[in-house]
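Taking it in order: structure first as structure tokens, then the write-up.
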There are 2 protein chains.
Amino acid sequence: MSDVTQANLEALEVGQTAFVERTFDEAAVRAFAELSGDFNPVHLDADFAATTRFGRPIVHGLLTASLISTVVGTRLPGLGSIYVSQSLRFRAPVHVGDTVRAEAEVTEVQRQRRRVVLSTRCLVGDKVVITGEAVMWVPPATEEE
Amino acid sequence: MSDVTQANLEALEVGQTAFVERTFDEAAVRAFAELSGDFNPVHLDADFAATTRFGRPIVHGLLTASLISTVVGTRLPGLGSIYVSQSLRFRAPVHVGDTVRAEAEVTEVQRQRRRVVLSTRCLVGDKVVITGEAVMWVPPATEEE
């Protein structure tokens, strides 16, 4: 699958999958703190994080989840598709420096409503860190170009 | 309510509210694209966006949603609290340059499980752009310092 895909409702089928991978380093976590205003020290202060159950600084949950947005918005269904909803269950911490793999799998295609349901999850190695579901709306071809 | 609050399960009650506000300009959207890898042109390319139903570039849904994370992670319940889950329903677009207000309201306190359920939403002016629900876990005081 190429890096970027144009969303096309007709080409979508249950069982199709896509993924992206990315490493979130300290600079990324700091940039997300600036963007969101979330300067919680568990993300930014190693001394503070050492006093928590996590031991080391952890990546903001919604920064990790942003990779799911990247998969569905640029790969499957891809460019042009619009987020209807996303559920996120945070199952394990992502530590600063971890490489995250975000996966999406088509579980339902609602052709009349032009909607696609995808099972979404993020992993660090073999460990599942986020699970959830995305619903995307795919525009008619006339709106894509 | 001060800018930052230490999460304290005993002080939480149904009906408490908190909010944060933030304006997402082009630089913020570009920074989020770099962070997430989501370079969908509907966010970054005014000419492309003009051909879509949105007319103008829109803010990534998960960038808008990051403000919810900021409310629950730094205000209510606040610092030390950990995300269990977040649901997001994207109801209307947020255009680049819009000021977003993210609100959280406590709807349930599960003292035995140390969990808090909050109704969460984002608004641009009077328009509701995201609705959803957050569940947070609040650590015992011994872990907070």
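Report the residue count in segment B:50-68 for those that are more than 23 Å from A:E34 (Cα to Cα) and away from chain A (no Cβ under 11 Å). Working first, answer last.
First pass over segment B:50-68, keeping only residues more than 23 Å from A:E34 (Cα to Cα): B:50-56.
Next, from what is left, pick out any that are away from chain A (no Cβ under 11 Å): B:50, B:55-56.
Looking only at that region, the number is 3.
Go through segment A:81-112 and report how many residues are among the β-branched types (V, I, T), in contact with a strand residue (DSSP E or B) (Cβ under 6 Å, 6 or more places away or on another chain) and open to solvent by less than 50 Å² (accessible area, probe 1.4 Å). I'd like the intermediate steps shown before the answer.
Going through segment A:81-112, the residues among the β-branched types (V, I, T) turn out to be A:82, A:84, A:94, A:96, A:99-100, A:106-107, A:109.
Applying the additional criterion that residues be in contact with a strand residue (DSSP E or B) (Cβ under 6 Å, 6 or more places away or on another chain) yields A:82, A:84, A:94, A:99-100, A:106-107, A:109.
Retained after the next criterion (residues that are open to solvent by less than 50 Å² (accessible area, probe 1.4 Å)): A:82, A:84, A:94, A:100, A:106, A:109.
Number satisfying all stated conditions: 6.
Grab the helices (runs of 4 or more DSSP H) fully contained in segment B:1-76, keeping just those with 1 or more residues being within 17 Å of A:S66 (Cα to Cα).
Details: elements: B:26-36, B:41-44, B:46-49, B:61-74.
Of the helices (runs of 4 or more DSSP H) lying wholly inside segment B:1-76, those with at least 1 residues that are within 17 Å of A:S66 (Cα to Cα) span B:26-36, B:41-44, B:61-74.
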Practice prompt. Within segment B:18-31, identify whether any single residue is away from chain A (no Cβ under 11 Å) and buried (at least 17 other Cβ atoms within 10 Å of the Cβ), and answer yes or no.
Written response: yes
Checked segment A:113-145 for anything surrounded by 14 or more Cβ atoms within 10 Å (Cβ to Cβ) and small (G, A, S); matches are A:S119, A:G132, A:A134
Return yes when A:R101 is of a type in the set (K, R), within 15 Å of the chain's Cα centre (by Cα) and within 11 Å of another protein chain (Cβ to nearest Cβ) and no when it is not. no
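Only one of B:F39, B:F24, B:F32 is under 19 Å from A:C122 (Cβ atoms) and in contact with a Ser or Thr (Cβ under 9 Å, 6 or more places away or on another chain). Can you tell me which? Walk me through it before giving the result.
Numbers: B:F39 fails: under 19 Å from A:C122 (Cβ atoms); B:F24 fails: under 19 Å from A:C122 (Cβ atoms).
Matching residue, one of B:F39, B:F24, B:F32: B:F32.
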The one condition A:A50 fails out of (1) touching a residue at least 24 places away in the same chain (Cβ under 8 Å); (2) open to solvent by 20 Å² or more (accessible area, probe 1.4 Å); (3) not charged (D, E, K, R) is (1)
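The values are calculated or read from the model by the stated rules, or taken from the named source; none is laboratory data. Just so it is clear, the structure is predicted and the values come from calculations on it, not from any experiment. Here Cβ is always computed from backbone atoms with ideal geometry, including for glycine, and neighbour counts include all displayed protein chains. For the accessible areas, the whole protein counts, side chains as well, though only heavy atoms, and no ligand, DNA or RNA atoms are used. Shrake-Rupley method; radii C 1.70, N 1.55, O 1.52, S 1.80 Å.
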